[in-house]
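Asker: This is the structure I have questions about; it appears just below.
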Amino acid sequence: MKLYNIKENDEQVSFGQAVRQGLGRNQGLFFPEQLPKFDDIDALLEQDFVSRSTTILSALIGEELAEEKVNSMVDAAFQFPAPIKQVKDGVYALELFHGPTLAFKDFGGRFMAQSLAAVSDGGKITILTATSGDTGAAVAHAFYGMEDINVVILYPKGKISPLQEKLFCTLGKNIHTVAIDGDFDACQALVKQAFDDAALREEIGLNSANSINISRLMAQICYYFEAASQLTKAQRENLVVSVPSGNFGNLTAGLLAKAMGLPIKRFIAATNANDTVPRYLETGKWDPKPTVATTSNAMDVSQPNNWPRIEELCQLKGWGLDTLGKGAVSDEQSAESVRDLNSLGYLCEPHGAIAYRVLEEQLQEGETGLFLCTAHPAKFKEVVDEILESDIDLPGPLAKHAAMELLSEDLANDFEALKVVLRRVQP
């Protein structure tokens, strides 16, 4: 597998280099030089989840890793299902929260851990990542206890749900969590500054586990195929997928699946009040505004990192950006949709409810709708309980960590202070 830097096309790397390096020069994202195309989609969809994902990822990676090795990586990473549930006639929820940290990030985080172990050259590795909530838990649990890998996770202090925080800030050992005085975009900017510091990058073996890392993105492609495999052929030929979007890795993965042959009619990018992309698709002007805190905090991102990959793919495929559906949803509207879904017998949280709402607004007669449910409702218990006037139960992983002590340290939004932390946590 060869990949190139979107910003500086002359920088070309292997899959292993891209996984180890994370970002290219000038903070450029890596993108596959070629995408495999599956012609017999029906036969591919008849395979089980692990076998099909092995086929997809082996085709992407190429000869760099043997198929048997990829199979063992997938088997270790994807040890939980991605079921679809019918919500009403013609509308389905894709549940991506059945992994150990109850969020879709488990797929990418665990596959990245397997990938990094497979391509590691034996040197020290420091994973530095920013999270708006769910990435932190998935990465922390995926890398917890791994030798020679230190993980430092930055998150916006007071701007993620208490249960999200408990799930990854209570582990210790090689997992170090830092509450930054700022929003998610500030955390993300600190990560980018660290990657721009060549001396620091070399000194601590810097890598990132955000969806900027190509291995995480590749893993996410697989559950779009898994969702389609659970629909009839007629349903998937008129399939519209609504994606709750913050950093836009999930939508990027879905579009890559479409480029590889999965017959998805169209995608919808559903955001909260942080609506940089919907406004851009409407006006053609990229105009990020200050990030607004919402009840769907994992989507509180004003400058989505993965958007350049979407533009690159659409340009390569000749897809007009105007073919993407779009919509921005307020907290009040997402709460209303949580209640609507509950009245249909489906318990959801604000992120999935946002995707459902925009899907409902844009789904046409004869189409099948699918919306992504990216986190278990209990991860947002306070919000969901208030909306529904309920007291939802905590599943095992959340109940366990809810009782544990937070191990995070607070830090100013200051790069020099972060460098001190990164050097201090080295073994």
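Asker: What's the number of the only condition in (1) in contact with a Leu (Cβ under 7 Å, 6 or more places away or on another chain); (2) surrounded by fewer than 20 Cβ atoms within 10 Å (Cβ to Cβ); (3) part of a loop (DSSP other than H, G, I, E, B) that Cys348 fails to meet?
Answerer: (2)
Asker: Quick check on my filter: what residues within region 149-185 are more than 18 Å from the chain's Cα centre (by Cα) and either among the polar types (S, T, N, Q) or assigned to a helix (DSSP H, G or I) (or both)?
Answerer: Correct list: Asn150, Pro162, Leu163, Lys166, Thr170, Asn174, Thr177.
Asker: Give the residues of region 80-137 that are part of a loop (DSSP other than H, G, I, E, B), surrounded by fewer than 18 Cβ atoms within 10 Å (Cβ to Cβ) and among the hydrophobic types (A, V, I, L, M, F, W, C), sorted by residue number.
Answerer: Phe80
Asker: If you don't mind, there's one more thing I want to ask. For region 253-291, name all the residues that are open to solvent by less than 30 Å² (accessible area, probe 1.4 Å), closer than 24 Å to Glu46 by Cα and not aromatic (Phe, Trp, Tyr).
Answerer: Ala253, Gly254, Leu255, Leu256, Ala257, Ala259, Met260, Gly261, Leu262, Ile264 - these are the residues of region 253-291 that are open to solvent by less than 30 Å² (accessible area, probe 1.4 Å), closer than 24 Å to Glu46 by Cα and not aromatic (Phe, Trp, Tyr).
Asker: Just to verify a result, which residue in region 292-308, among those that are touching a helix residue (DSSP H, G or I) at 6+ places or on another chain (Cβ under 6 Å) and in a loop (DSSP other than H, G, I, E, B), is surrounded by the fewest Cβ atoms within 10 Å (Cβ to Cβ)?
Answerer: Applying the filter and picking the extreme gives Gln303.
Asker: Before we move on, is Leu23 touching a residue at least 40 places away in the same chain (Cβ under 8 Å), in a loop (DSSP other than H, G, I, E, B) and closer than 22 Å to Ile127 by Cα?
Answerer: yes
Asker: A follow-up question, please. Filter region 11-58 down to the residues that are within 17 Å of Pro308 (Cα to Cα) and of a type in the set (Asp, Glu), then identify the one that is surrounded by the most Cβ atoms within 10 Å (Cβ to Cβ).
Answerer: My answer is Glu11.
Asker: Among the residues in region 191-208, are any in contact with a Gly (Cβ under 7 Å, 6 or more places away or on another chain), under 21 Å from Lys105 (Cα atoms) and either assigned to a helix (DSSP H, G or I) or open to solvent by less than 40 Å² (accessible area, probe 1.4 Å) (or both)?
Answerer: Looking through region 191-208, at least one residue is in contact with a Gly (Cβ under 7 Å, 6 or more places away or on another chain), under 21 Å from Lys105 (Cα atoms) and either assigned to a helix (DSSP H, G or I) or open to solvent by less than 40 Å² (accessible area, probe 1.4 Å) (or both).
Asker: Let me ask something additional. Give the residue that is nearest to Val151 (Cα to Cα), with candidates limited to residues of region 373-419 that are in contact (Cβ under 8 Å) with a residue 40 or more places away in the chain, open to solvent by 40 Å² or more (accessible area, probe 1.4 Å) and part of a loop (DSSP other than H, G, I, E, B).
Answerer: Top of the filtered list is Leu407.
Asker: Check whether at least one residue in region 107-125 is touching a His at 6+ places or on another chain (Cβ under 6 Å) and at negative phi, and report yes or no.
Answerer: no
The values are calculated or read from the model by the stated rules, or taken from the named source; none is laboratory data. Fair warning: this is a prediction, and the values are worked out from it, not measured in the lab. Here Cβ is always computed from backbone atoms with ideal geometry, including for glycine, and neighbour counts include all displayed protein chains. Side chains are part of the model used for accessible areas, which takes the heavy atoms of the whole protein and leaves out ligands, DNA and RNA. Shrake-Rupley method; radii C 1.70, N 1.55, O 1.52, S 1.80 Å.
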